[in-house]
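Presented below is the structure to which this report refers.
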């Protein structure tokens, strides 16, 4: 077995850890009166303070050196270059060839004209495992509205629910529902074609599975085809009658496939920009303001008196009977903690 040699900057971090061993946070503050100022940063009225971390200014210098050795500056530049390239494409390209605009129009068609109330996103890359959750927040917090910019009611369907998961996991979870359930839900496949770390034929298998799922959603499998397949396997007629209907997939289910050359910092920047602009376009088409979240604020406001009710036992003013009952029961369980 071959072991890698640690880099100079990594070795410096290990040496620094040993130098700090046994030092308490209080002793670090005692040794440096200027510690809060030296381990904080103000930017545009933001204040970030990491002085209560077990490190020193020398630690931060060593970490910055390690980041430079790991080529962080180039990665950041690639991320922003990718986003900038998609920004420019969105700004300058006619709608007929505009990558953020065209999928947004498809989404608008599916939700507003065809009446699909959901959209599933399935990235075939483990590194994008949390991407559907990001898109859910982006799309639904931005466009989950029922009022137009002028204050009038929408008069049509709002934003569809957006959810999903990584493709390989999803195939053994909700893809069964997508193929044979009673709901028709548009699916979006995000597929990096080249692997960051190739391993045999694994990437070809991954890409093939993504493309096969999209094909299966479209073509399905009819009852005559199922019956013919079972007969070819030698099953008797009564067994075919018993099994055939359960194996039918209706097909005719829509999907979009996004093929990326690979997933790296530049492509990630493009992907983030693509969906940001796409969400903006959907908001414009629906006539809503994508930049407020008053529904979120309502829940926060109503939580304040419920906190007091749970802590102090004061009945929350203005709460409905169901909420009052739930608060009382939750408080009773809190008070009984440790007595069971």
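Coordinate-derived values only; no laboratory data. Predicted, not measured: the structure shown is a model, and the values here were computed from it. All Cβ positions, even for glycine, are placed from backbone atoms using ideal geometry, and neighbour counts span all protein chains on display.
Shape class of the stretch 103-197 from the Cα gyration tensor (axes a ≥ b ≥ c, square roots of the eigenvalues): prolate, since a/c reaches 1.5 or more and a/b is larger than b/c. Cβ crowding within 10 Å, taken as a proxy for footprinting-reagent exposure, orders 86, 333, 60 from fewest neighbours to most as 333, 60, 86.
Extension gain, residue 153 to residue 334, is 60.9 nm, computed as 0.36 nm per intervening residue step minus the present C-alpha separation. On a per residue basis, the convex hull of the C-alpha atoms belonging to the stretch 8-70 measures out at 82 Å³. Site pair residue 41 and residue 293 shows an inter-label distance of 2.4 nm when each label is modelled 7 Å from Cα along Cα→Cβ. Multiplying the residue separation of residue 81 and residue 114 by 0.36 nm and removing their Cα-Cα distance gives an extension gain of 8.2 nm.
In percent, rounded to a whole number, the relative contact order of the chain is 20, using alpha-carbon pairs under 8 Å and six or more apart.
Applying 1/(1 + (r/R0)^6) with R0 = 25 Å to the Cβ-Cβ distance of residue 64 and residue 23, what FRET efficiency is obtained, to the nearest 0.05? Could you put the intermediate results ahead of the total?
On the way: r = 21 Å, r/R0 = 0.84.
Taking R0 as 25 Å, the efficiency between residue 64 and residue 23 is 0.75.
As a rough footprinting exposure proxy, the listed residues 108, 124 were ranked by other beta carbons within 10 Å of their own, and the order from fewest upward is 108, 124.
Can you compute the helix-only [θ] at 222 nm over the chain? Use -39500 (n - 2.57) per DSSP H run of at least 4 residues, normalise by all residues, nearest 500 deg cm²/dmol. Theoretical 222 nm ellipticity from helices: -17000 deg cm²/dmol.
Ratio to report: Rg/Rh of the stretch 69-114, with Cα atoms as the point set and Rh obtained by the Kirkwood method; give two decimals. Display every interim value, and only then the final one.
Working: Rg = 15.7 Å, Rh = 12.6 Å.
Radius of gyration relative to Kirkwood radius: 1.25.
Legend: calculated FRET efficiency, residue 13 to residue 307, from the Cβ-Cβ distance at R0 = 25 Å, rounded to 0.05, equals 0.05. Entry note: the stretch 1-151 has Rg to Rh equal to 1.14, where both radii use alpha-carbon atoms and Rh is the Kirkwood radius. When Rg and Dmax of the Cα atoms in Å is computed from the coordinates, the matching label among (1) 41.0, 115; (2) 27.5, 87; (3) 24.0, 81 is (2). Across the stretch 243-273, the residues whose backbone nitrogen lies under 19 Å from the label position 7 Å along the beta-carbon direction of residue 91 are 269-273.
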